[in-house]
Structure formats: structure tokens, C-alpha cells
Amino acid sequence: MAVLRSIVHMDLDTFFVSCERLLDSRLVGKPILIGGTSDRGVVASCSYEARKFGIHSAMPMKMAKERCPEAIVIKGNTSTYTNYSKMVTDIIRESAPVYEKASVDEFYLDLSGMDQFFGTLKYASELRQKIINETGLPISFGLSQNKTVSKIATGEAKPNNELRIDHGTEKGFLGPLSVQKIPMVGLKTYQTLCNLGVRKIQTIQEMPIEMMESALGQNGSGIWRKAQGIDNSPVEQYNERKSISTERTFDYDTIDVHKLKGIMAAMAENLAFQLRRANKLTACVTVKIRYSDFQTYTLQKQISYTAADHELMPLVSELFERLYNRRMLVRLIGIRYSSLVSGNHQLNLFDDGTRYSELYTAMDKIRQRFGDRAVMRAIALDARTIGRWNPFNGEPPPLLANRRL
């Protein structure tokens, strides 16, 4: 007989705001906006007090301040949030048999089979309390037999609470909720469903799967299954060493520093694009050099979570400058981004204005349509073809990705 799964979804409540309140208790109970501090800035996160005014993340800061003039605006500090995220990760790592770090403030735990020893609800409750006691951060969780129902349950449990959905009650729990609660349903899909008269999950539950497929294609069947409370996706064990990397071996060893810097820039920029395309952030950058005598040296640096070119490329250049000190012929150079987590550009919205977010969105759309090298910085123009594979799909890169320059 198969063991009934017990999946916990944990989410730190208004994570950035909670971190700021730990540093300054005067912020408790106040409407807080975190993001770019100028009128051209964007809200990266906001407190529950601010949400009462209709404010939400990704809203222009000017509009948010008009809705809530008394709100306290904080630019945000990625280093602070990264450190707190790692603190919570360490506590979960010590306590959970299998866990997945879905983002900087979100985790899945597989506690299947533990009911006979501890009771999964009690175990998850004690772990949640341990996180609160040791970090001071509020955190909520949902517990059910799969990731989708648990994630939705966490949203219903917030703020700073917990909710278990017993086996067999999933459809009844989901039915009255808005279809927006389903993780796969974004704004565009929600509008499509509303046009069909579908606003509650129960309506999808009562529809034949063929109708959803006809309206939304392959995504329609996935949404239909989640609406039924069906999700067999596993909790994928998190590994801090998870990484993407690329190397270039030269046909002829070189000491051309200009060429080396150009190729480094091209690789750093392309890997950053690969991160954003896969919705990933990195917290560690490593640069590698192999000289003509086959002596190999690496240098790495821990950083705040990011996928931004303007943060990664200068760092790669800095590490290369520190590492390249033998002034002899170079045979190979490489870059690795590691300690990856899922995430979006939210952590990069602390800059004033939306210029970086808009720039990356525009550049990435061009690359996705015309190829990775369709648009690039001038410094990287001397570098020839670089890899065009997706390092997150589990497939090895094609020969072109390892082509010698």
C-alpha cells in the first residue's frame, strides 16, 4: 500500500518588510513600501497595512504613494534579505528529511511517512515555531498531500498562521476560491477565464477537461487537474551546489587581455540571460583560468541573490582581474553561477526607476526570438559563438556550446 504523501509549503510573510522590521521595530504596524524610492521606482514588496490601500508588488511607486501618502518608503537591501533567507534555509535543512527551496522566501517539505513517528502537523508546527523563535521572521505554512493544494493553503493561512487540508477534502477546500489562487493562472489566463464566465475554482471542477483544453490548450488540462486537487509533482531536494557554467578553450593559447575580457563579458552576460529565462537567481560567482602549463586557478565570491547583468558582469571582471596575475599564456577561461534558487526580478526592483527591469525584459524578448547573441554589449563583440542551450532542462550542451574560439 502506497504511503499517503504529506507535503508542506512554507512561505515567509511579507519577507522584505519583515526583515526591515527586525532591524527597526518602529516600522511595526506601519504601511511600508520597499522598492525604488523615486517616483520612477517600482514596489518590490509592501506590508499588509499598505495592501489595504490597494497597493501590490510591481506597482509604480508614484501610484503607491498617491494611494497611501503616509507610507514609509525603503529602498531595500539585497544583502540583508539574502542573509535572512540563508538563516531560514539552514534551520529547515537541519530539520526536514527532504526540502526544496522554491525561492528566497518559499520552501516545500516532504514529510511523507513521518505521521507514524511524530505527526506531520505537529512536526511542521514545531519547525515553524523554531524558525520564528530563532530568526524573528513570521512564516506561514499549508499542509496537504501535494504541492499545489499546500501552496494555496498557505495563502489562505496568512498572515503568520498554518492550515492543514485533510486527504479527500481538497476539492471542497479549493471550490469557493478564485481561479487566481491556482499557481498556473496569471493575469492573461485569468482574463481569458473571466471572459468564459469562470471566476471560481468550483466552475473548473465541474467542467470537462476537454473544454479547458479547447480554451487554453495544454495549460488548460494542467489547470483543470490542479483545480481538482491533483498534483503528483515531487519535492525536488535542494542542493546549494546547483549551478550553471560555461568554459572556453582556445585553439591557440593567448595573452590578449582585451580578447579575454571580451569573452568573459560575453559569457557572463549570456549566463545571466540563461538565469532569467529559467527564472533563477544566483548567490555565488566563480571565475576559472587555466594557463598554458595546465595550472588551473579559481576564485569565487558570495553575493546577494541576483540575475542582473549590471551586477554580475562587473563582479566577473573584478574576479578575473584578481585571478589573472601570472602574465603568461592562457589556455582556458570559465564562469560558474551557483547556489541557485528560483526567483524573478523582484530583488532587482530596489533601483530607482524601472529602467533595468524594462531593459532586461526588452533584451530578453529579442534574444528569445532571434537568438542569444541577437543583442549584446559592445565589449563582448569580439567573442564568437557561445552556447545556445538551456542548462536547466537536464540535457548536455550541443557541440556548438563547446566550440573552440
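The values are calculated or read from the model by the stated rules, or taken from the named source; none is laboratory data. These numbers come from a predicted model, not from an experiment. FYI the Cβ positions are ideal-geometry reconstructions off the backbone, even for glycines, and counts take in every protein chain you see.
Taking the numbered list (1) surrounded by fewer than 21 Cβ atoms within 10 Å (Cβ to Cβ); (2) basic (Lys, Arg); (3) not assigned by TED's automatic domain parsing to the domain that holds Ile333 in turn, Lys226 passes all entries but (1).
Which one is surrounded by the most Cβ atoms within 10 Å (Cβ to Cβ), of the residues in segment 287-303 that are in contact with a Leu (Cβ under 7 Å, 6 or more places away or on another chain) and assigned to a strand (DSSP E or B)? Spell out the reasoning first.
Just the residues of segment 287-303 that are in contact with a Leu (Cβ under 7 Å, 6 or more places away or on another chain), to begin with: 287, 289-292, 297, 299, 301, 303.
Filter once more, so that each one left must be assigned to a strand (DSSP E or B): 287, 289-291, 297, 299, 301, 303.
Numbers: Val287: 26, Ile289: 22, Arg290: 19, Tyr291: 18, Tyr297: 13, Leu299: 16, Lys301: 14, Ile303: 19.
Looking at residues that are in contact with a Leu (Cβ under 7 Å, 6 or more places away or on another chain) and assigned to a strand (DSSP E or B), I get Val287.
Which residues, taken from segment 22-72, are in a strand (DSSP E or B), more than 22 Å from the chain's Cα centre (by Cα) and buried (at least 19 other Cβ atoms within 10 Å of the Cβ)? The answer is Ile32, and nothing else. Among strands (runs of 3 or more DSSP E) entirely within segment 79-172, having at least 1 residues that are among the acidic types (Asp, Glu) and either surrounded by 17 or more Cβ atoms within 10 Å (Cβ to Cβ) or without any contact (Cβ under 8 Å) to a residue 12 or more places away in the chain (or both) singles out 99-103, 106-110, 162-164.
Quick grid of which residues meet (1) more than 21 Å from the chain's Cα centre (by Cα); (2) of a type outside the set (Asp, Glu); (3) modelled with pLDDT of 90 or more:
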site	(1), (2), (3)
Ala227	yes, yes, yes
Ser233	no, yes, yes
Lys242	no, yes, no
Ile263	yes, yes, yes
Gln274	no, yes, no
Val287	yes, yes, yes
Leu323	yes, yes, yes
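Contact annotation: residue pairs with Cβ atoms under 7 Å, 6 or more positions apart or on different chains, pairing a residue in segment 209-233 that is aromatic (Phe, Trp, Tyr) with a partner that is surrounded by 15 or more Cβ atoms within 10 Å (Cβ to Cβ) and at pLDDT 95 or above, are Trp224/Ile204. Considering the conditions (1) touching a helix residue (DSSP H, G or I) at 6+ places or on another chain (Cβ under 6 Å); (2) at pLDDT 90 or above; (3) within 24 Å of Tyr238 (Cβ to Cβ), Lys86 is excluded by exactly one of them, (1). Output yes when any residue across segment 21-30 is among the β-branched types (Val, Ile, Thr), closer than 27 Å to Lys86 by Cβ and touching a residue at least 60 places away in the same chain (Cβ under 8 Å), and no when none is. The answer is no; no qualifying residue exists.
Among residues of segment 259-279 that are farther than 10 Å from Asp309 by Cα and buried (at least 24 other Cβ atoms within 10 Å of the Cβ), those with a Cβ under 6 angstrom from a residue that is modelled with pLDDT of 90 or more and of a type in the set (A, V, I, L, M, F, W, C), sequence gap 6+ or separate chain, pair up as Met264/Val316; Met264/Phe320; Met267/Ile335.
Among residues of segment 297-320 that are outside the structural domain of Cys284 (by TED's automatic domain parsing), none has a Cβ under 7 angstrom from a residue that is surrounded by 19 or more Cβ atoms within 10 Å (Cβ to Cβ) and not in a helix (DSSP H, G or I) at a sequence gap of 6+ or on a separate chain.
When His56 is tested against the conditions (1) of a type outside the set (Asp, Glu); (2) in contact with a Cys (Cβ under 9 Å, 6 or more places away or on another chain); (3) more than 28 Å from Leu187 (Cα to Cα); (4) without any contact (Cβ under 8 Å) to a residue 60 or more places away in the chain, the lone failure is (3).
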